[in-house]
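The values are calculated or read from the model by the stated rules, or taken from the named source; none is laboratory data. The shown structure was predicted, so the numbers you read here are calculated from the model rather than taken from an experiment. Here the Cβ positions follow ideal geometry from the backbone for every residue, glycine too, while neighbour counts run over all protein chains shown.
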Ligand code: COA
């Protein structure tokens with residue numbers, strides 16, 4: 001699992017570390033990265049040794065500057081470029097991982113970068129963070145889940161305003177909007193993410209997976225259905 005071109009995948013003491021690794025292109029998400037991420041997510045999902053995943057970006061400047069524009073520009077149109085990306089349901093896989101995923105975000109987090117972050121359960125950001133959704137300016141819309149995940153996190157009105165205005169968001173506002181759980185100094189970002197992951201990895205994995213499911217699936221249900229889900233999940237935990 002270590003021979004990837006665009007990703008570094010490491011596993012240690014119950015934690016899976018996924019580093020988007022195209023720093024020369026600000027970790028822009030290209031088709032190769034899609035395929036490699038798909039494999040890595042499958043490994044995180046199915047490997048019983050993995051308790052928690054941590055996602056980060058290589059280099060000083062970005063977690064991920066969005067879709068690779070050179071692929072966009074060489075495709076017949078942005079729409080075709082986008083369709084190529086749908087060949088694998090990577091976002092369905094991402095959102096279906098039952099284990100907690102933590103994003104350690106720094107620098108530029110644009111387009112697909114935000115969408116990757118939104119597929120994670122906990123988002124920590126450093127003070128130099130800059131979020132942006134440039135898709136409408138490129139004649140497309142977020143289609144890596146972002147049009148659905150962003151409003152679920154920050155509310156429909158804010159999501160719409162940010163998407164339509166094309167304005168970028170810095171650390172303090174991201175924290176206020178609850179787009180990120182916490183802002184930490186850059187030099188502490190990775191350690192904070194790792195510390196949190198280690199703590200969660202020490203808990204019972206079934207309880208952790210059930211807690212994640214209860215909250216994330218419950219959000220899409222009525223209260224009544226959500227309470228039924230909670231009963232089912234709680235009942236399935238046997239000691
Ligand atoms: N796709 C492909 N390459 C990208 C990229 C992307 N989304 N974002 C940055 N890069 C590359 C640049 O082409 C440049 O490569 P080069 O050194 O070979 O010329 C390198 O990363 C550094 O980026 P650069 O633009 O020189 O840095 P900057 O500090 O001037 O600007 C950004 C940084 C993020 C503002 C700018 O790169 C940008 O606007 N990127 C595109 C963001 C975007 O629209 N993403 C698509 C979302 S759907």
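Some points to look at:
- Taking every residue in the stretch 61-73 that is more than 18 Å from residue 103 (Cβ to Cβ) and pairing it with any residue that is more than 6 Å from the ligand (Cβ to nearest atom) and not in a strand (DSSP E or B), at least 6 positions away or on another chain, the pairs with Cβ-Cβ distances below 6 Å are 68/30; 71/30; 71/81; 72/78; 72/81.
- Residues within the stretch 36-55 that are under 19 Å from residue 67 (Cβ atoms) and part of a strand (DSSP E or B), tallied: 1
- Scanning the stretch 121-136 for residues that are more than 10 Å from the ligand (Cβ to nearest atom) and either over 23 Å from residue 95 (Cβ atoms) or surrounded by 24 or more Cβ atoms within 10 Å (Cβ to Cβ) (or both) turns up 123, 124, 125, 126, 127, 128, 129, 131.
- Those residues of the stretch 8-35 which are more than 24 Å from residue 134 (Cα to Cα) and either part of a strand (DSSP E or B) or in contact with a strand residue (DSSP E or B) (Cβ under 9 Å, 6 or more places away or on another chain) (or both), in sequence order: 8, 9, 10, 11, 12, 14, 15, 16, 17, 18
- The test for being more than 20 Å from residue 215 (Cβ to Cβ) and either surrounded by 20 or more Cβ atoms within 10 Å (Cβ to Cβ) or in contact with a strand residue (DSSP E or B) (Cβ under 6 Å, 6 or more places away or on another chain) (or both) holds for residue 142.
- Some residue of the stretch 71-94 being surrounded by 21 or more Cβ atoms within 10 Å (Cβ to Cβ) and at pLDDT 95 or above: yes
- Flag if residue 165 is modelled with pLDDT of 95 or more and over 12 Å from the mean Cα position of the chain (by Cα): yes
- Options 162, 154, 140; residue that is over 13 Å from residue 106 (Cα atoms) and touching a residue at least 40 places away in the same chain (Cβ under 8 Å): 140
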